[in-house]
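As structure tokens, the structure follows; a few thoughts come after it.
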Amino acid sequence: MSRIVSVFFLFVCLVSSLNLVAQESENKIKTPKEFFGFQPGDDRMLFDYDTLIEYLQQVADKSPRVEMIEIGESPMGKKMYLTFFSAEQNISNLDRLKAINKDLALNDKLEEEQLKSYTSEGKVFILGTLSMHSTEVGPSQAAPLLAYDIATTSDPELLGWLENVVYMIIPSHNPDGMDMVVNHYLNSKGTKFEGGSMPEVYHKYVGHDNNRDFVTLTQSDNKAVARVYNTEWYPQVMTEKHQMGSTGPRYFVPPMHDPIAENIDEKIWNWTWIFGSNMAKDMAADGLAGVSQHYLFDDYWPGSTETALWKNIIGLLTECASVQFAKPIYIEKNELVARGKGLGEYKKSINMPMPWEGGWWRLSDIIEYELSSTYSLIKTGSYHKKDILLTRNALCKGEVEKGKTLAPAYFVLSAKQHDKGELLGLITLLDEHGVEVYKTSNKMEYKGQVIEKGDYIVPLAQPYRAFIKEVLEKQKFPERHYTPDGEMIRPYDITSWSLPLHRGVLSYEIDEVVEELELNLAKVEFPIVLEAEHTEGVKTIVFPVSNNESFKIAFAALSAGLDVSRITECSKIGDVDVKTGDFVLPISGKNSDKLHKLFDGITVNPITLTEEVSENVKSMELPKIGLIETNFHDMDAGWTRYVFDSYNIPFKLLKPGEVSSKDLTDYDVIVFPDNNKSILLEGKYKASSGAYSIPSYDPKYTKGIGKEGVHKLMKFVNEGGTIVSWGLSTGLFMGAQSIKISEKEKEEFQLPVSDISDGIKKKGLDVPGTLLNIELMENHPLTLGMPKTAKVFSRGRPVFATSIPYFDTDRRVIANYPEDNVLASGYAKNSELLHGKPTMVWAKKGLGNFVFYGFYPQFRASTTGTYKLLFNALLLN
């Protein structure tokens with residue numbers, strides 16, 4: 001070989017070698033520390049959402065064991081992802097495994113041979129949802145370590161588990177909140193306020209209440225998560241990963257404490273024991289102390305991500321003790337306490353056999369506990385693969401069989417409803433949940449009950465029967481006690497969520513399968529498309545006040561500068577009956593070009609008239625609305641913002657500390673959602689003992705309204721403004737009030753309304769979050785569009801009493817509890833103490849108005865049956 005050829009050969013080898021090294025370097029997955037510049041879990045270090053997703057995507061791009069797909073958007077427009085971890089052959093076969101999951105979940109006619117094949121070919125899918133409560137940073141911060149380990153491991157045991165399991169995570173259930181919290185912490189880092197509470201809610205709207213939304217599915221991030229288990233991937237196991245307080249157990253794993261949902265099959269509950277007990281055992285083997293079970297958290301109410309339980313999924317919850325975001329904390333042994341049910345004291349017990357003894361607690365500790373619990377989940381899923389897959393289909397078949405043999409067999413939702421838009425919204429929501437809805441093709445009669453043509457029927461012979469029954473029936477709280485005849489175990493959250501009752505939709509049950517009805521059903525296809533009505537020659541459109549949707553259109557039209565009026569008395573226009581409060585939109589003039597945009601998304605056709613309407617109408621103006629929202633994680637105000645945005649209601653936020661300096665003449669209406677009087681007034685928590693506690697916020701966020709601000713509010717009303725208030729915020733306006741007239745003169749007065757709930761509570765009233773019946777004053781501006789009776793969501797306070805007014809004050813009881821049968825759904829003790837008591841009151845001072853509610857008119861955007869009581873108040877002037 002010539003020297004030139006030899007040199008060339010050596011050069012080619014060198015280039016090839018360098019290329020190989022470069023390629024290996026390019027394909028090498030960076031460790032989390034290399035990528036982020038710190039090890040996830042390091043003290044006082046956090047990464048944000050986009051950086052998390054960027055890391056997981058680079059792992060997915062370079063590892064055949066990892067895959068990422070987009071599943072939706074957050075309320076603030078961030079893309080949301082689902083990340084899969086499994087053996088390479090499973091990742092390459094996800095579509096086939098997804099089809100097997102669906103068949104196991106929904107096919108109640110699977111033959112034995114097919115089932116046997118599925119249990120061999122199929123895999124256990126476990127879904128983990130991480131850090132939906134964004135202050136609970138640990139689960140999301142642990143995700144990169146899990147991803148790197150699975151992508152690069154050569155551990156034969158872990159690789160063996162991944163042969164049988166597909167572990168899926170939603171890296172951050174709440175991307176918007178994650179960025180809010182991380183930015184808040186990093187901005188305060190190094191200051192004396194580091195680790196202090198974040199002002200405002202960690203979500204566009206609802207903050208911590210995002211884990212109360214999995215029945216109503218109002219938020220886009222929750223919709224994306226629910227689709228994963230309701231209608232797309234059908235995992236057999238789901239775990240939501242949270243954090244809890246700092247001074248109790250270090251970790252919670254299932255099973256849950258009583259009470260539990262009675263509609264859920266016992267197989268589900270038994271599997272939660274298996275997964276939870278294995279987590280406790282495996283975590284102890286890893287040397288992790290303070291793991292608790294059967295403690296504090298119950299599984300009675302749906303609404304959390306664990307609503308998956310009602311869909312035949314083994315739903316699990318884990319909770320880890322928190323630090324101050326990423327700031328370590330030192331916990332003295334005497335500061336460790338047990339709270340709530342399951343642990344009477346912080347001692348070694350069957351529910352916590354290895355207590356943690358105190359000391360430093362760090363984010364790295366949280367991550368260690370998270371990784372240990374996750375690997376235990378994957379291991380248990382792998383060990384029990386066949387039984388878990390068999391159970392999923394057994395639950396499907398069992399629920400369908402229960403629907404055929406147990407009452408009720410059907411829920412009937414009459415096509416004729418007071419508010420048809422709410423009916424259509426309800427059945428559309430059921431479709432989102434994976435529930436099939438049918439419609440009758442012909443009128444028929446069964447045991448004296450007329451079922452009209454077009455009525456909607458929801459059969460319970462469906463795989464999701466437990467969910468259908470849970471959300472369509474009236475709730476009756478399962479009273480359980482710590483000892484026979486002893487103290488009742490109190491509910492963790494609310495006790496009522498019946499969709500028809502909360503929405504004001506009439507429904508009834510049929511207890512047995514009816515062959516004639518089965519032959520009379522046609523499946524409803526979604527989305528429901530509104531059939532356009534003939535509009536030739538139409539000069540006026542009327543939107544009935546009985547429909548919530550009409551308010552939405554009216555506010556949108558006013559915001560667009562269109563002419564809108566309201567009918568002032570019931571009358572007949574041609575052959576059409578119109579009612580007081582109906583909204584009237586002429587389609588000529590400036591309205592003609594903009595009207596068509598208002599019809600996007602409406603579900604109920606309006607009334608069309610070929611004549612103009614000029615009598616018995618009053619022109620409307622768009623009210624200028626201020627909404628009070630504190631910085632104290634004000635979820636009820638957040639829900640109110642969501643409702644206002646959903647109904648095209650413009651508003652401006654008003655912080656309590658701004659009231660004294662703002663020009664309140666810029667507003668027509670000021671809305672006070674539920675909040676503690678002391679927080680609104682002083683920016684502090686005040687206990688029933690009278691003692692104050694200093695909040696963990698930077699003081700610049702805690703300024704209250706103050707006495708000067710209250711004087712301004714009273715002047716605002718006296719000169720013609722309206723204050724709308726519910727819940728504890730009504731306390732701000734009870735008792736002696738004053739209006740500052742000059743530096744030396746003030747007017748003192750007292751509204752003829754008081755809150756008597758403290759006295760009633762001392763007599764034994766207990767309403768922990770319940771649906772109650774009320775009776776409404778008819779033909780009042782505040783009750784336009786409402787039926788004579790309604791059902792309201794209440795926590796038992798306030799309860800009003802009125803008195804004879806003096807001077808320029810007045811009052812009217814708009815709604816009161818009935819003289820009997822106050823309880824509509826849920827739990828209430830000694831509810832007879834509410835009989836006949838006022839629960840909604842209008843009060844007058846000078847030229848203005850107060851509207852007080854003893855209930856939540858918009859509770860978590862779930863009580864649409866009482867929205868009109870709020871909307872009418874906004875339009876009172």
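Tabulated results
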{"read-out": "Calculated [θ] (222 nm, deg cm²/dmol) that DSSP helices of n ≥ 4 give over the chain, each run adding -39,500 (n - 2.57)", "value": "-9500 deg cm²/dmol"}
{"read-out": "Mean separation of Cα contacts under 8 Å, 6 or more apart, over the residue count of the range 640-736: relative contact order %", "value": "39"}
{"read-out": "Fraction of antiparallel bridges per DSSP, the chain only, in percent to nearest 5", "value": "70"}
{"read-out": "The range 649-659 - phi-based ³J(HN,Hα) in whole Hz, Karplus 6.51/-1.76/1.60, Gly and Pro as x", "value": "9, x, 7, 10, 6, 9, 7, x, x, 8, 4"}
{"read-out": "Rounded percent of accessible protein surface that carbon and sulfur make up, the range 351-495, 1.4 Å probe", "value": "49"}
{"read-out": "Accessible-area composition of the range 151-206, carbon plus sulfur, in percent [1.4 Å probe]", "value": "49"}
{"read-out": "Theoretical gain in end-to-end length, Glu163 to Lys597 [0.36 nm per residue, Cα-Cα removed]", "value": "150.9 nm"}
{"read-out": "The range 475-516: Rg to Rh, with Rh as the Kirkwood radius over Cα pairs", "value": "1.20"}
{"read-out": "Residue-level accessible surface for Asp265, protein heavy atoms, 1.4 Å, Å²", "value": "20"}
{"read-out": "Rounded Å value of the spacing that divides the Cα centres of the range 225-264 and the range 814-863", "value": "34"}
{"read-out": "Eligible lysines near Lys204 by straight Cα distance, threshold 16 Å, same-chain separation 8 or greater", "value": "Lys78, Lys79, Lys223, Lys652"}
{"read-out": "Euclidean distance of C-alpha centroids, the range 138-191 and the range 77-109, integer Å", "value": "20"}
{"read-out": "Which labelled figure in (i) -0.65; (ii) -0.32; (iii) -0.39 is log10 I(q)/I(0) by the Debye sum over Cα atoms at q = 0.05 Å⁻¹, once derived from the coordinates", "value": "(ii)"}
{"read-out": "The range 681-696 - phi-based ³J(HN,Hα) in whole Hz, Karplus 6.51/-1.76/1.60, Gly and Pro as x", "value": "7, 10, x, 9, 7, 10, 6, 4, 6, x, 6, 9, 10, 7, x, 8"}
{"read-out": "Cα gyration tensor category, rounded, prolate or oblate, for the range 132-171 with a/c compared to 1.5", "value": "prolate"}
{"read-out": "Over the chain, relative contact order from alpha-carbon pairs under 8 Å, at least 6 apart, %", "value": "10"}
{"read-out": "Hits among aspartates and glutamates - C-alpha to C-alpha of Lys311 under 12 Å, sequence gap 8 or more where chains match", "value": "Asp265, Glu399, Glu470"}
{"read-out": "Phi to ³J(HN,Hα) by Karplus 6.51 cos²θ - 1.76 cosθ + 1.60 over the range 840-852, Hz, x for Gly, Pro", "value": "8, 9, 9, 10, 10, 9, x, 9, x, 9, 10, 10, 10"}
{"read-out": "Candidate lysines - alpha carbon under 17 Å from Lys677, same-chain residues fewer than 8 apart omitted", "value": "Lys655, Lys686, Lys703, Lys707, Lys712"}
{"read-out": "Solvent-accessible surface (1.4 angstrom probe) belonging to Glu832, in square angstrom, nearest 10", "value": "100"}
{"read-out": "Taking the range 257-339 and dividing mean pair separation by its residue count, relative contact order in percent (alpha carbons under 8 Å, at least six apart)", "value": "39"}
{"read-out": "Accessible surface, per residue, of the range 105-149 when the full set of protein chains is kept, probe 1.4 Å, Å²", "value": "32"}
{"read-out": "Global geometry of the range 773-816, whether rounded, prolate or oblate, following the gyration tensor of its Cα atoms and the 1.5 cut on a/c", "value": "oblate"}
{"read-out": "Whole-number accessible area per residue in Å² for the range 439-589, which is evaluated in the context of all protein chains at 1.4 Å", "value": "49"}
{"read-out": "Carbon/sulfur fraction of accessible area - the range 645-695, other protein chains in place, 1.4 Å, %", "value": "48"}
{"read-out": "Alpha-carbon centroids, the range 399-458 and the range 614-629: separation in whole Å", "value": "37"}
{"read-out": "Mean accessible surface per residue for the range 740-866, computed with a 1.4 Å probe while every protein chain stays in place, in Å²", "value": "44"}
{"read-out": "Nearest-0.05 FRET efficiency for Asn830 and Ser349, computed from C-beta distance (R0 30 Å)", "value": "0.30"}
{"read-out": "Accessible area (Å², 1.4 Å probe, nearest 10) - Lys624", "value": "100"}
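The values are calculated or read from the model by the stated rules, or taken from the named source; none is laboratory data. The structure presented is a predicted model; accordingly, all values stated were derived computationally and were not measured. In this analysis, Cβ positions are derived from the backbone assuming ideal geometry, glycine residues included, and neighbour counts consider all displayed protein chains. Please note that ligands, DNA and RNA were not included when accessible areas were found on the heavy atoms of the full protein model with its side chains. Shrake-Rupley method; radii C 1.70, N 1.55, O 1.52, S 1.80 Å.
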